[in-house]
Amino acid sequence: MKKNFPAWRPPLIPALLALASLAAGPALRAAQTNYLASLDISQVSQGWGEPYANQSVEGHAISIGGQSFSRGLGTHANSQFILDLGGHADSFSARVGVDDEVGQGNGTVIFKLVGDDGKVLWQSKEMHAGDAPVPAELPLTGVKQLTLVAESPDAIDYGHADWADAYIVYNKKGRPKALSSFQEEAVILTPHPAPRPRINSAKVMGVRPGHELLYTIAATGDRPMTFAAEHLPTGRHWWSGLFGGSDPKVGLHLDPQTGRITGTLKMPGTYKVTLHAKNALGEATRELKIVVGPQIGLTPALGWNSWNCFASAVTAEKVKAAADAMVTSGLINHGWTYINIDDFWEVHRDSQDPTLQGPQRDASGHIIPNPRFPDMKGLADYVHDKGLRIGLYSSPGPWTCGGCVASWQHEVLDAQSYAQWGFDYLKYDWCSYGQIDKGDTLAGLQKPYRVMRAALDSVDRDILFSFCQYGMGEVWKWGAEVGGNSWRTTGDINDSWGSMAGIGFRQNGHEVYAGPGHFNDPDMLVVGKVGWGPNLHPTHLSPNEQYTHISLWCLLAAPLLIGCDMTQLDPFTLSLLSNDEVLEVDQDPLGHQAARVALNGQTEVWAKDLEDGSKAVGLFNRGYEKTIVKVNWSDLGLKGKQTVRDLWRQQDVGQFSDSYSAEVARHGVVLVRIWPAK
Ligand code: GAL
């Protein structure tokens, strides 16, 4: 049973300090107590929920081991709170523990106080709910930056981490400044694309018989550039003549100026095409396999989605601007393809905003977009005319998550509208379907996706199908069978280390369910300017955390959907998204997802096989201090001399016989590719 203590009592140390300052003259008199909860706690990065001042993460009075506290900070593992002390702090004090709200014995959290250069200055034992609060007392003289960390060594479940009665005493007037991320120099590692041509688009693509195909040969290198393709299937066969000539609509065509391959193919089979890109300095070639059959989306989707930047503030103009920027930024030349509208292209159920109002469906039930999207077909044509594909969003319930019109009982009509407008991708949420089915059986969870799958199959267009139900019912185990090209494995990501790393490093074990045409989706990218609304901010991930994000997502063979405002791409963000050797890890035709092959405290090694027999390997450091991370060949099933190449720098680093070690920055990564040495 919980023991209730009287409400807040003044903490002993500040009270004593106050007394001492009265007695000890001006120097001490200026000392100042800064309660943690009075600082800008919106900068706390955490794995679940929101931080609370003077309450637990679920908004209850803070309670640890039966003791109640009226002051403190309620967070959730894994969390970090970075404080710039400017060297003015004297001491830190708190009582830490897992909040009683999760129930005796639940949750596992280690609390850490991390100083400059990532030095762990203090650390608690492993704590669980019910344990008595542990005092965290630390002198801070000379410490410039203090990071409060609450980590769960394994799963973060029930990691309701409280810093009760927490305060920092300053030796003069002033307050610690909360930082959203580590202030690090944004070092660009990606080399500039070479002036000679290099082809970067996917090496394999699937298309259904008779359905329209659009494949843009993505190539970097100086312009002007021309394109050619050998063995492009024309759709004409030796027997065509016997039956009155070939169908002019069947067969593929390449535009030599734009590099776009368009057309349709009726005969199932695998067609091997050799692509060429040529400029004044040289020529590149690449084999492309076009697989005509039931399976599309053979490599993870590469593109942009409106949600993480604009959310409910999306408009057709912003979508067009994103498509324009995909081209003008040069990202299209690295293989980026989809321009996806998320929620809020539909009419809202009760918004006062006139641009979200209007008739929801016409007399025959066809969906009518909101006034911000007056011409969906025109918008799709606009995007296709740039060599890109376009996507949209809906939900199986009556309303989307944002409260707009969704597809309940209009699935076939909606699929027909998408096809008629020319859409190529559907992200299908779960929202408000809970009103129809509680989702407490597997059949119930699967049903809306089966219904929409059948609807999409009934239209004569290839529409990539992306499930967005946050991993319910272990969707990775059945997403492929129900016809998903990808499925979200988690709740929504945000641009914090707690969220991104929490999601990314939790994907271990899902790798057995990924393969060409069906991929796990750990949610969209949070680099660049994001904001989920009209007001955008630069991502709160530090530069090293951003390298970790992109490297891990590529290793995971995740769909990569850029979440930032494409019109405000800065050089660093662009460099993260345009490293062809890194993107190749994501787009590898084998479609393998990396698994964790070594775990050593805060360091992890993840690896996956690539089509050419090499391996992509990520050496990750989740800790706060730079450290050496090592991968043993035995962890990779390798023997003998191997050539190691640093993928971000695009440089060979040497040949190694048993293992490879590299220094990895805090929250950073070294991403390498390993081949048997010649
Ligand atoms: C959420 C989904 C987000 C976004 C949003 C739209 O459920 O996870 O990615 O699509 O709905 O309302």
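Annotations
- Residue match in the range 68-85 (condition: surrounded by fewer than 18 Cβ atoms within 10 Å (Cβ to Cβ), in the same structural domain as Ala166 (by TED's automatic domain parsing) and at pLDDT 95 or above): yes
- Only one entry in Ala598, Ala594 is of a type in the set (A, V, I, L, M, F, W, C), open to solvent by less than 30 Å² (accessible area, probe 1.4 Å) and farther than 22 Å from Val526 by Cβ, namely Ala598.
- Considered as a group, the residues in the range 433-444 that are within 15 Å of the ligand (Cβ to nearest atom) and open to solvent by less than 30 Å² (accessible area, probe 1.4 Å) include one that is modelled with the lowest pLDDT, and that residue is Gly439.
- Top-ranked residue in the range 463-512 [being surrounded by fewer than 21 Cβ atoms within 10 Å (Cβ to Cβ) and among the hydroxyl-bearing types (Ser, Thr, Tyr); ranked as nearest to Leu445 (Cα to Cα)]: Tyr470
- Number of the condition not met by Thr190 [criteria: (1) in contact (Cβ under 8 Å) with a residue 40 or more places away in the chain; (2) over 21 Å from Leu36 (Cβ atoms); (3) assigned by TED's automatic domain parsing to the domain that holds Gln32]: (3)
- Among the candidates Val451, Val482, Val459, residue that is at negative phi, assigned by TED's automatic domain parsing to the domain that holds Asp586, away from the ligand (no atom under 16 Å from the Cβ) and not in a loop (DSSP other than H, G, I, E, B): Val451
- Criterion (under 17 Å from the mean Cα position of the chain (by Cα), within 16 Å of the ligand (Cβ to nearest atom), open to solvent by less than 20 Å² (accessible area, probe 1.4 Å) and closer than 27 Å to Asp612 by Cβ) met by exactly one of Leu552, Leu561, Leu577: Leu561
- Where strands (runs of 3 or more DSSP E) fall wholly inside the range 61-166, the ranges with 1 or more residues that are in contact with a helix residue (DSSP H, G or I) (Cβ under 6 Å, 6 or more places away or on another chain) are 62-64, 72-76, 79-84, 89-98, 145-151.
- Every test in (1) within 20 Å of Gly297 (Cα to Cα); (2) surrounded by fewer than 19 Cβ atoms within 10 Å (Cβ to Cβ) is passed by Pro516 save one, and that test is (2).
- Here the range 281-308 is the region considered, the condition is being surrounded by fewer than 18 Cβ atoms within 10 Å (Cβ to Cβ) and either under 13 Å from the mean Cα position of the chain (by Cα) or of a type in the set (Gly, Ala, Ser) (or both), and the residue that is farthest from Gly221 (Cα to Cα) is Gly293.
- Considering Lys608, Lys626, the condition of being open to solvent by less than 20 Å² (accessible area, probe 1.4 Å) and modelled with pLDDT of 95 or more is satisfied by Lys608 alone.
- Screening Ala311, Ala280 for residues that are at pLDDT 95 or above, hydrophobic (A, V, I, L, M, F, W, C), more than 16 Å from the ligand (Cβ to nearest atom) and over 13 Å from Lys203 (Cα atoms) leaves exactly one candidate, Ala280.
The values are calculated or read from the model by the stated rules, or taken from the named source; none is laboratory data. In this text the structure is predicted, and so the values were computed from the model without any measurement. Because the Cβ atoms are built from the backbone with ideal geometry, glycine has one as well, and the counts that use them run over all protein chains shown. Note: accessible area is taken over every heavy atom of the protein model, side chains too, but ligands, DNA and RNA are not part of it. Shrake-Rupley method; radii C 1.70, N 1.55, O 1.52, S 1.80 Å.
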